[in-house]
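The values are calculated or read from the model by the stated rules, or taken from the named source; none is laboratory data. It should be emphasised that the depicted structure is a prediction, and the values quoted were computed from it without experimental measurement. Here the Cβ positions follow ideal geometry from the backbone for every residue, glycine too, while neighbour counts run over all protein chains shown.
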Amino acid sequence: MAQAIYGTTLTEATETDTTTPGYQGYQILHLGFTVAPIVAGLDKFFHLLVNWDQYLPAFVNNITGGHGHQLMLIAGVIEIIAGLGVWFKPKIFAYVVSAWLLLIIANLLLIPGYFDVALRDFGLALGALALGRLSHEYSD
């Protein structure tokens, strides 16, 4: 029925033209939002990029009884799972990553001097949201 309405055959409707800018943009976002959370999550354990504990407000560390570092390790595991989720199920996990980034932004707004990082993460959250929307068109 859809073929008659839109004037395409079933074969045309199921094939993706990989040369379109939309599909290429989807692929770029798909790869980026798979790799970035996994790398950031792994780095919570190794601190090769940055000391991630500095992004935790002092009162959160106090609430956890001084176990802020362990909380960051849990965040790292969540990020790794989210990145893998984006790779396998972008229709779901792109939104998870976007929501996670919004939580990170809220956290950063509680720490003076990190507003620039919060702004960057807002842009990333929008990119993850765009990936989620594009995945409805290009993902299985």
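Would you call Leu101 free of Cβ contacts under 8 Å to residues at least 40 places away in the same chain and in contact with a Leu (Cβ under 7 Å, 6 or more places away or on another chain)?
yes
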Cβ pairs under 7 Å, 6+ apart or interchain, first in segment 125-140 and within 18 Å of Phe88 (Cβ to Cβ), second assigned to a helix (DSSP H, G or I) and of a type in the set (S, T, N, Q), ordered by first then second residue, are Ala128/Ser98; Gly132/Ser98
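What number of residues within segment 31-72 are among the aliphatic types (A, V, I, L, M) and under 30 Å from Leu134 (Cβ atoms)? Talk me through it step by step, then tell me what you get.
Going through segment 31-72, the residues among the aliphatic types (A, V, I, L, M) turn out to be 31, 35-36, 38-40, 42, 48-50, 56, 58, 60, 63, 71-72.
When the remaining residues are screened for being under 30 Å from Leu134 (Cβ atoms), the result is 31, 35-36, 38-40, 42, 49-50.
Of the residues in that region, 9 qualify.
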When segment 76-103 is examined, which residues are found to be surrounded by fewer than 17 Cβ atoms within 10 Å (Cβ to Cβ) and either assigned to a loop (DSSP other than H, G, I, E, B) or among the small types (Gly, Ala, Ser) (or both)?
Lys89, Ala99
Among residues of segment 22-51, those that are surrounded by 14 or more Cβ atoms within 10 Å (Cβ to Cβ) and either under 10 Å from the mean Cα position of the chain (by Cα) or at pLDDT below 95 (or both), counted
8
Among the residues of segment 46-77, what is the count of those that are within 26 Å of Tyr95 (Cβ to Cβ) and in contact with a Gly (Cβ under 7 Å, 6 or more places away or on another chain)?
4
Could you list, in sequence order, all residues of segment 104-119 that are in a helix (DSSP H, G or I) and either under 16 Å from Val60 (Cβ atoms) or touching a residue at least 40 places away in the same chain (Cβ under 8 Å) (or both)?
Ile104, Ile105, Ala106, Asn107, Leu108, Val117, Ala118
